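Trainee: Quick one: the structure is below, questions incoming.
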Amino acid sequence: MKPKLKNSGKRSIKTAPPPRQLDKGRQTIAASVPSSLVRRVREQIGPREFSQFVSRSMERELVRLNREQFVADFVREIGPLDQDAVEAARRLIRG
């Protein structure tokens, strides 16, 4: 049963229903994304792979944000990064 909203003569604000839970710990969400971006992604991936693409993209973004926070915490607690060490690490990573 839905809770009743008080009507004070003003327009009521409708809230979206909670996301529908799917099996395997998945959750359906709604997001506003530029249509040109959706079109470009769909051109690059196979049909039925859009959700996997979005999930992987979200994971990569979280890793990037965590990395940025780690560096910011390091700089605050220890001091600036040694640029020679940063360049040496880049060379090792890139081969």
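Trainee: Among all residue pairs at least 6 apart or on different chains, which show Cβ distances below 9 Å where the first residue, located in the range 44-57, is under 15 Å from Val33 (Cβ atoms) and the second is small (Gly, Ala, Ser) and not in a helix (DSSP H, G or I)?
Mentor: Val54/Ala31
Trainee: Mind listing just one residue for me: the one in the range 65-95 that is basic (Lys, Arg) and either at pLDDT 95 or above or loosely packed, with under 10 Cβ neighbours inside 10 Å (or both) and, of those, farthest from Ile45 (Cα to Cα)?
Mentor: So in the range 65-95, the residues basic (Lys, Arg) come out as 67, 76, 90-91, 94.
The next check asks that each one be either at pLDDT 95 or above or loosely packed, with under 10 Cβ neighbours inside 10 Å (or both); those that pass are 76, 90-91, 94.
Details: Arg76: 41, Arg90: 30, Arg91: 31, Arg94: 26 Å.
Among those residues, the one meeting the criterion is Arg76.
Trainee: Among the listed residues Ser32, Ser55, Ser8, Ser36, identify the single one that is over 14 Å from the mean Cα position of the chain (by Cα), of a type in the set (Ser, Thr, Tyr) and modelled with pLDDT of 80 or more. Outline the logic, then answer.
Mentor: On the way: Ser32 fails: over 14 Å from the mean Cα position of the chain (by Cα); Ser55 fails: over 14 Å from the mean Cα position of the chain (by Cα); Ser8 fails: modelled with pLDDT of 80 or more.
The conditions single out Ser36.
The values are calculated or read from the model by the stated rules, or taken from the named source; none is laboratory data. Bear in mind that the values here come from a model prediction, so they are computed numbers and not experimental data. Cβ: placed from backbone, ideal geometry, glycine included. Neighbour counts: every protein chain shown.
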